[in-house]
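Chemist: This is the structure, below, for whatever I ask next.
The values are calculated or read from the model by the stated rules, or taken from the named source; none is laboratory data. Small disclaimer: the values here were computed from a predicted structure and weren't measured. Cβ sites come from the backbone with ideal geometry, for glycine too, and all protein chains shown count toward neighbours. Quick note on the areas: whole protein, heavy atoms, side chains included, nothing else; ligands and nucleic acids left out. Shrake-Rupley method; radii C 1.70, N 1.55, O 1.52, S 1.80 Å.
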Amino acid sequence: MSLQVLVATINQTDYSLPDRMNIQSDALIGNQCGRNEVTRIDYQGYLVRYFSFAEQGVGLNRNSVLMRATKDICVLADDDQVFVGGYRNLILDKFQEYPDADVIIFNVYSKRGFIIQKPFRVRFHNFMRFGGPRIAFRRRSVTKNGISFNLHFGGGAEYSAGEDILFLNDCLRKGLKIIAVPDYIARMTNERESTWFTGYNEKFFLDKGALFQCMAPRLAKLLCLQFCVRRHDRFSREYSWLEAFRICLRGRKLF
């Protein structure tokens, strides 16, 4: 099996990113910036291709590199993570260990995010806890089922986040098997501010309502309610859970 890292980044002016990220495999780097060009570089014996486009939106960026991927296994990545040594063999070994898995979700060292303690099957009741920079998948399983990233969600898009959650949602809807494993493949550096989170403001809850409506129209109201009640401790200074719920419903209707 072969592997490629698919990196979503913005405004790269040189070719130092593979070194900063400790890339140890072939990689495709989607660089949204003010120019249009394609560059091939040899990095420590691996082929790294930069696709620089004058566009914006992380969903569009991920699609730009996904449609050009050629290897058996693809690994999603952001530019603020550093891969652990030997990640290539670690990931490929896991796909050999789980030959019926279409998608495998790994751990990353981070100040936030769910920590996988032991392997388990990811299903509709627990997939929303995972973000993009820990997802690896069999390329043909995704492309044969017509799965891609929603252009309306994610940093730089109309709605500020959620393209990775919608990706996993589509994988489950298409019947792909997703496994979560406790192995760590990268460390998040948290060097830059979030490109989408600006606080628990009105837009945050409008976008959350839109995300739930896109993901599960029949369950959107319930998902809005459970989110606002269960996560109220995070935004209690800004809104009551009922106020937040009403804004989420507005976002649902707007979508």
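Chemist: List the DSSP H helices in the chain whose Cα atoms stretch 18 Å or more along the helix axis and whose mean Kyte-Doolittle hydropathy is at least 0.0.
Modeler: Details: long enough: 202-215 (20 Å, 0.25); 241-254 (20 Å, 0.06).
TM-like helix candidates: 202-215, 241-254.
Chemist: If you don't mind, another one. Here are some values of volume of the Cα convex hull per residue in Å³: (i) 142; (ii) 177; (iii) 125. Which one was computed from this structure?
Modeler: Label (iii) holds the value from this structure.
Chemist: Next question, about the same structure. Which of 70, 13, 189 ends up with the largest GNM mean-square fluctuation for the chain, with Cα atoms connected below 10 Å?
Modeler: 13
Chemist: When the Kirkwood hydrodynamic radius is evaluated over all pairs of different C-alpha atoms of segment 1-117, what value in angstrom, to one decimal, is obtained?
Modeler: Values: mean 1/r = 0.0669 Å⁻¹.
Taking the inverse mean of 1/r over all distinct Cα pairs, segment 1-117 comes out at 14.9 Å.
Chemist: Let me ask something additional. Given the options 66, 76, 90, which has the most mean-square fluctuation in a GNM of the chain, springs set between C-alpha atoms less than 10 angstrom apart?
Modeler: Ranking 66, 76, 90 by mean-square fluctuation puts 90 first.
Chemist: First compute the accessible area of the chain with a 1.4 Å probe, then give the percent of it belonging to carbon and sulfur atoms. Please report the intermediate quantities before stating the final value.
Modeler: Numbers: 6040 of 12600 Å².
Reported share for carbon and sulfur atoms: 48 percent.
Chemist: Could you work out the longest stretch of the chain that avoids the GluC sites (Glu not before Pro) located in DSSP loops with at most 16 other Cβ atoms within 10 Å? If you can, show how the numbers build up before the last one.
Modeler: Details: sites that count: 55, 158, 191, 193, 238.
Within the chain, the longest run free of exposed GluC sites (Glu not before Pro) spans 56-157.
Chemist: From the helices alone, meaning DSSP H stretches of at least four residues, give me the mean residue ellipticity at 222 nm for the chain, per-run term -39500 (n - 2.57), in deg cm²/dmol to the nearest 500. Don't skip to the end; give the middle numbers.
Modeler: Details: 9 runs with 84 residues, N = 255.
Mean residue ellipticity at 222 nm (helix-derived): -9500 deg cm²/dmol.
Chemist: Let me ask you something else. With labels modelled as points extended 7 Å from the Cα through the Cβ direction, what inter-label distance (nm, one decimal) is found for residue 201 paired with residue 35?
Modeler: Taking the two extended label points, one gets 3.3 nm.
Chemist: Once fully extended, how much extra length lies between residue 111 and residue 234, figured as 0.36 nm per residue of separation less the alpha-carbon to alpha-carbon distance? Kindly include the intermediate steps, with their values, before the conclusion.
Modeler: On the way: separation 123, 0.36 × 123 = 44.28 nm, distance 1.57 nm.
Extra length available between residue 111 and residue 234 comes to 42.7 nm.
Chemist: For labels at residue 129 and residue 253 in the simple 7 Å Cα→Cβ model, what's the distance in nm?
Modeler: The answer from the label model is 3.4 nm.
Chemist: Please state, rounded to one decimal and in Å, the Kirkwood hydrodynamic radius that segment 149-224 gives when every pair of distinct Cα atoms enters the mean of 1/r. Present the calculation step by step, with values, prior to reporting the outcome.
Modeler: Working: mean 1/r = 0.0704 Å⁻¹.
Mean inverse Cα-Cα distance, inverted, gives 14.2 Å.
Chemist: Of 146, 17, 198, which is farthest along the charge dipole of the chain in the positive direction, counting Lys and Arg as +1 and Asp and Glu as -1 at C-beta?
Modeler: 146
Chemist: Taking only protein heavy atoms into account and a 1.4 Å probe, give the accessible area per residue of segment 101-243 in Å². Numbers along the way, then the final one.
Modeler: Working: 7550 Å² over 143 residues.
Result: 53 Å² per residue.
Chemist: Follow-up. Want the number for residue 243 to residue 174: 0.36 nm per residue separation, take away the alpha-carbon distance, what's left? If you can, show how the numbers build up before the last one.
Modeler: On the way: separation 69, 0.36 × 69 = 24.84 nm, distance 3.52 nm.
Result: 21.3 nm gained on full extension.
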